[in-house]
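Data first, discussion second: the structure below is written as structure tokens.
The values are calculated or read from the model by the stated rules, or taken from the named source; none is laboratory data. Quick caveat, the model's predicted, so the values are computed rather than measured. Glycine also receives a Cβ, built like all others from the backbone with ideal geometry; neighbour counts cover every protein chain displayed. Calculation scope for accessible area: heavy atoms of the full protein, side chains included, ligands and nucleic acids excluded. Shrake-Rupley method; radii C 1.70, N 1.55, O 1.52, S 1.80 Å.
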Amino acid sequence: MQILLIEDDRRIADFLTRGLTEEGHRVEHVTDLKGAQARLDLMEIDLLIVDRMLPDGDGLALVRALRARGDTRPALVLTAMDRVEDRVEGLYGGADDYLNKPFAFEELLARITALSRRSGGAAAGRLTVGDLVVDTTALRVWRAGVEVSLTAQELRLLRVLAENAGRVVSRSKLLDQVWDLKRDPGTNLVDVYISYLRAKIDKGHERPLLHTVRGVGFLLADDRS
């Protein structure tokens with residue numbers, strides 16, 4: 001899932017970003033409501049994790065504004081405001097779930113999975129390219145009906161390619177979306193992981209799905225003309 005984390009506590013934000021990334025999610029972190037709105041205007045976001053006590057206001061105000069304009073993307077409020085009245089206000093204010101700090105990371109993961117199932121959106125679906133299936137909710141992959149074991153980074157790479165199936169994806173875009181690197185570090189990082197992925201999803205199959213377009217990038221497609 002592409003998660004927008006709105007949290008001004010750097011320690012908590014770093015912990016969540018690292019943990020969620022290791023679980024195969026993509027995390028965009030901002031520290032205030034202004035930054036959150038800018039990301040929502042520019043990016044496809046599957047889930048919001050929102051703190052309430054932010055430098056420029058209550059995170060619940062953002063959730064209310066989204067609901068007022070018909071935006072149904074799931075939002076989980078993560079906050080130290082733990083009174084019953086606060087929880088009730090959050091749920092009536094449009095939050096899909098409300099988790100108090102301090103919290104167990106395993107519980108947060110379980111709640112995220114439940115929200116992705118309930119949302120019924122793209123994040124809860126499957127991406128299919130030929131006989132390759134990527135389950136973006138269960139974080140599982142199959143080729144020709146046989147499950148393929150991937151690392152978190154390999155799964156993130158495959159998901160970006162699958163989301164752009166039939167289109168060439170540049171190295172710079174992969175570095176940005178998979179590794180959050182805004183500029184090329186001058187290494188063969190992408191090529192190394194492409195080779196890992198190719199060995200797992202194409203090896204032993206008559207028809208390859210993962211192709212290299214020299215000088216441009218990489219393409220996941222069932223048939224190249």
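The residues in the stretch 67-98 that are closer than 16 Å to ILE3 by Cα, surrounded by fewer than 18 Cβ atoms within 10 Å (Cβ to Cβ) and in contact with a helix residue (DSSP H, G or I) (Cβ under 8 Å, 6 or more places away or on another chain) can be counted, and the count is 1. The set of residues in the stretch 137-177 that are farther than 16 Å from LEU197 by Cβ and either of a type in the set (Asp, Glu) or open to solvent by less than 20 Å² (accessible area, probe 1.4 Å) (or both) contains only ASP176. Tell me which residues, restricted to the stretch 24-66, are of a type in the set (Lys, Arg), open to solvent by less than 50 Å² (accessible area, probe 1.4 Å) and more than 14 Å from the chain's Cα centre (by Cα). The one that is of a type in the set (Lys, Arg), open to solvent by less than 50 Å² (accessible area, probe 1.4 Å) and more than 14 Å from the chain's Cα centre (by Cα): ARG52. Scanning the stretch 181-208 for residues that are touching a strand residue (DSSP E or B) at 6+ places or on another chain (Cβ under 8 Å) and open to solvent by 60 Å² or more (accessible area, probe 1.4 Å) returns ARG198, LYS200, HIS205.
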